[in-house]
Amino acid sequence: MTESSETHDRGAPPTTGKKILRGVLRGISAVVLSITVVLAFAAVIIPTVTGSQTYTVLTHSMEPAFPPGTYLVVRPTPEADLKIGDVITYQLKSGRPEVVTHRIVEISATGDGERRFTTKGDNNAAADPEQVRPVQIRGALWYAIPYLGWVTGLRGEGASSIWIPVVAGIVFLYALYMVVAWIVERRKNKQSS
């Protein structure tokens, strides 16, 4: 009698509690995977395809809209299309890598007609001391993703070429695992029916 009950227990279907737990875990996995794919698409694929540049906010000058750690996607924008209220990223000195992202608060023109932009951080008391020339502008803010900048900052300066493919590979392998697990379970359910 003991032998037959053990055989029966091994072949018994999972209890309702196990089914619910498995369903909840799959749901959580699906949500995490979906969020990861959407973030990868928004943070890597869209900027690459559109020729946009990405930056991370490092200071408090654009709070509360863009606190430190915000990931910015900046799209090249003709200077003629820029208007007061636009958030732009510009080089502090033309040809130098250091950039600032602030809001345009005033537009003026020089005697020869070149536009100049006065910018200000939303959280700063005063406008920036020097006007921005069109040659300094990298582009206008297209969209921002809160906190993602902290994650991208973990990759380090020299690792950016390795970081993105590694994360993409992990996400792909996880998605593949989820699909294979689902197929195996469906086959088991069909065989037991």
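What the table shows:
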item: Where Ala140 falls short, out of the listed (1) surrounded by 18 or more Cβ atoms within 10 Å (Cβ to Cβ); (2) out of contact with any Asp or Glu (no Cβ under 7 Å at 6 or more places or on another chain); result: (2)
item: Matching residues, the range 169-193, being open to solvent by less than 90 Å² (accessible area, probe 1.4 Å) and either in contact (Cβ under 8 Å) with a residue 60 or more places away in the chain or of a type in the set (D, E, K, R) (or both); result: Val171, Tyr174, Ala175, Met178, Glu185
item: Residues located in the range 121-136, provided they are open to solvent by 60 Å² or more (accessible area, probe 1.4 Å), under 16 Å from Gly85 (Cα atoms) and under 29 Å from the mean Cα position of the chain (by Cα); result: Asn123
item: Those residues of the range 31-63 which are small (Gly, Ala, Ser) and under 10 Å from the mean Cα position of the chain (by Cα), in sequence order; result: Ala40, Ala42, Ala43
item: Exclusive hit being surrounded by 11 or more Cβ atoms within 10 Å (Cβ to Cβ) and at pLDDT 95 or above, set Arg75, Arg22; result: Arg75
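Residues checked against (1) of a type in the set (D, E, K, R); (2) at pLDDT below 95; (3) open to solvent by 60 Å² or more (accessible area, probe 1.4 Å):
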site: Ile84; (1), (2), (3): no, no, yes
site: Val87; (1), (2), (3): no, no, no
site: Lys93; (1), (2), (3): yes, yes, yes
site: Pro97; (1), (2), (3): no, yes, yes
site: Val100; (1), (2), (3): no, no, no
site: Phe117; (1), (2), (3): no, no, no
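The values are calculated or read from the model by the stated rules, or taken from the named source; none is laboratory data. These figures come from a predicted structure and were not determined experimentally. Glycine also receives a Cβ, built like all others from the backbone with ideal geometry; neighbour counts cover every protein chain displayed. Accessible surface areas use protein heavy atoms only, side chains included; no ligands, DNA or RNA. Shrake-Rupley method; radii C 1.70, N 1.55, O 1.52, S 1.80 Å.
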